[in-house]
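Written below as C-alpha coordinates is the structure these notes are about.
The values are calculated or read from the model by the stated rules, or taken from the named source; none is laboratory data. Bear in mind that the values here come from a model prediction, so they are computed numbers and not experimental data. Using ideal geometry, Cβ is built from the backbone for each residue, glycine included, and neighbour counts are taken over all protein chains shown.
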Amino acid sequence: MRTALTVREDSKTVYAMLEPTKDIMIEAIHRAIHKTGVFEGGQVILAIDGQELPIRVSANGCRFINYMGITFMEQNKNKNSVYAKRARAGEHITWGIRINNWLFITDHAIQGKI
(Lines give C-alpha, C1' and ligand atoms only; values in the text may rest on other atoms or scores of the structure.)
Protein backbone atom coordinates (compact mmCIF):
# COMPACT_ATOMS: atom_id res chain seq x y z
CA MET A 1 0.00 0.00 0.00
CA ARG A 2 1.29 3.46 -0.90
CA THR A 3 1.26 5.92 1.97
CA ALA A 4 3.01 9.12 2.93
CA LEU A 5 4.49 9.75 6.36
CA THR A 6 3.36 12.95 8.02
CA VAL A 7 5.07 14.17 11.16
CA ARG A 8 3.48 16.67 13.51
CA GLU A 9 4.36 17.64 17.05
CA ASP A 10 3.07 19.58 20.01
CA SER A 11 4.90 20.56 23.19
CA LYS A 12 4.96 16.99 24.53
CA THR A 13 4.60 14.55 21.68
CA VAL A 14 5.80 13.90 18.15
CA TYR A 15 3.14 12.20 16.03
CA ALA A 16 4.03 10.10 12.98
CA MET A 17 1.01 9.32 10.81
CA LEU A 18 0.70 7.32 7.64
CA GLU A 19 -1.65 9.03 5.24
CA PRO A 20 -2.88 7.83 1.87
CA THR A 21 -1.17 9.28 -1.18
CA LYS A 22 -3.10 10.97 -3.99
CA ASP A 23 -2.93 7.73 -6.00
CA ILE A 24 -4.64 5.81 -3.19
CA MET A 25 -7.41 8.42 -3.00
CA ILE A 26 -7.92 8.19 -6.77
CA GLU A 27 -7.96 4.39 -6.56
CA ALA A 28 -10.61 4.52 -3.80
CA ILE A 29 -12.80 6.83 -5.90
CA HIS A 30 -12.36 4.55 -8.94
CA ARG A 31 -13.36 1.47 -6.93
CA ALA A 32 -16.41 3.21 -5.42
CA ILE A 33 -17.66 4.31 -8.84
CA HIS A 34 -17.43 0.73 -10.15
CA LYS A 35 -18.74 -0.98 -7.01
CA THR A 36 -21.66 -3.24 -7.74
CA GLY A 37 -24.57 -3.98 -5.44
CA VAL A 38 -27.13 -1.90 -3.64
CA PHE A 39 -26.15 0.07 -0.54
CA GLU A 40 -27.83 2.82 1.49
CA GLY A 41 -31.08 2.76 -0.47
CA GLY A 42 -29.41 2.15 -3.82
CA GLN A 43 -26.38 4.38 -3.45
CA VAL A 44 -22.75 3.53 -2.90
CA ILE A 45 -21.26 5.87 -0.32
CA LEU A 46 -17.58 6.81 -0.42
CA ALA A 47 -16.19 7.84 2.96
CA ILE A 48 -13.17 10.02 2.31
CA ASP A 49 -11.46 12.65 4.47
CA GLY A 50 -14.19 12.28 7.11
CA GLN A 51 -16.95 13.03 4.59
CA GLU A 52 -19.57 10.67 3.20
CA LEU A 53 -19.99 11.33 -0.50
CA PRO A 54 -22.68 9.56 -2.54
CA ILE A 55 -21.90 8.15 -5.95
CA ARG A 56 -24.50 9.76 -8.21
CA VAL A 57 -25.82 8.84 -11.63
CA SER A 58 -25.74 11.36 -14.50
CA ALA A 59 -28.44 11.86 -17.12
CA ASN A 60 -26.53 9.53 -19.47
CA GLY A 61 -26.58 6.75 -16.85
CA CYS A 62 -22.91 6.99 -15.86
CA ARG A 63 -21.93 6.94 -12.22
CA PHE A 64 -19.88 9.89 -10.97
CA ILE A 65 -18.61 11.79 -7.96
CA ASN A 66 -17.31 15.33 -7.55
CA TYR A 67 -14.34 15.59 -5.21
CA MET A 68 -11.95 18.52 -4.71
CA GLY A 69 -13.08 20.25 -7.90
CA ILE A 70 -12.63 17.14 -10.03
CA THR A 71 -15.46 15.18 -11.62
CA PHE A 72 -14.72 11.46 -11.65
CA MET A 73 -17.02 9.61 -14.06
CA GLU A 74 -17.20 6.08 -15.37
CA GLN A 75 -16.74 5.57 -19.11
CA ASN A 76 -20.02 5.83 -21.02
CA LYS A 77 -20.44 2.35 -22.52
CA ASN A 78 -22.94 3.65 -25.10
CA LYS A 79 -20.38 5.79 -26.90
CA ASN A 80 -18.70 4.70 -30.11
CA SER A 81 -15.08 4.83 -28.95
CA VAL A 82 -12.20 2.51 -28.16
CA TYR A 83 -12.68 3.25 -24.46
CA ALA A 84 -16.40 2.46 -24.57
CA LYS A 85 -15.61 -0.81 -26.33
CA ARG A 86 -13.12 -1.67 -23.56
CA ALA A 87 -15.73 -0.81 -20.91
CA ARG A 88 -18.35 -2.96 -22.65
CA ALA A 89 -15.80 -5.81 -22.57
CA GLY A 90 -15.73 -5.50 -18.76
CA GLU A 91 -12.80 -3.16 -18.11
CA HIS A 92 -13.42 -0.57 -15.39
CA ILE A 93 -12.57 2.86 -16.81
CA THR A 94 -12.94 6.15 -14.96
CA TRP A 95 -12.19 9.65 -16.19
CA GLY A 96 -11.10 12.43 -13.85
CA ILE A 97 -12.01 15.77 -15.43
CA ARG A 98 -11.10 19.32 -14.49
CA ILE A 99 -10.87 22.28 -16.86
CA ASN A 100 -8.01 21.61 -19.32
CA ASN A 101 -6.83 18.54 -17.35
CA TRP A 102 -7.84 14.91 -17.22
CA LEU A 103 -7.01 11.54 -15.68
CA PHE A 104 -7.56 8.15 -17.29
CA ILE A 105 -7.99 5.52 -14.59
CA THR A 106 -8.23 1.75 -14.93
CA ASP A 107 -7.83 -1.05 -12.40
CA HIS A 108 -4.14 -1.17 -13.33
CA ALA A 109 -3.01 2.39 -14.06
CA ILE A 110 -3.55 6.12 -13.63
CA GLN A 111 -2.55 8.34 -16.56
CA GLY A 112 -2.77 12.08 -17.07
CA LYS A 113 -2.41 15.04 -14.77
CA ILE A 114 -4.82 16.97 -12.58
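Screening the candidates 69, 50, 61, 42 for the property of being at pLDDT below 70 and exposed (fewer than 14 other Cβ atoms within 10 Å of the Cβ) yields one hit, 42.
Taking the condition at pLDDT 90 or above, surrounded by 12 or more Cβ atoms within 10 Å (Cβ to Cβ) and within 14 Å of residue 23 (Cα to Cα), does residue 106 pass? The answer is yes for residue 106.
If you go through the stretch 80-109 and keep only what is over 16 Å from residue 36 (Cβ atoms), within 14 Å of the chain's Cα centre (by Cα) and assigned to a strand (DSSP E or B), you end up with 95, 96, 97, 98, 102, 103, 104, 105.
Residue check: residue 112 meets all listed conditions (1) outside any loop (DSSP other than H, G, I, E, B); (2) of a type outside the set (Val, Ile, Thr); (3) more than 17 Å from residue 21 (Cα to Cα) but one, namely (3).
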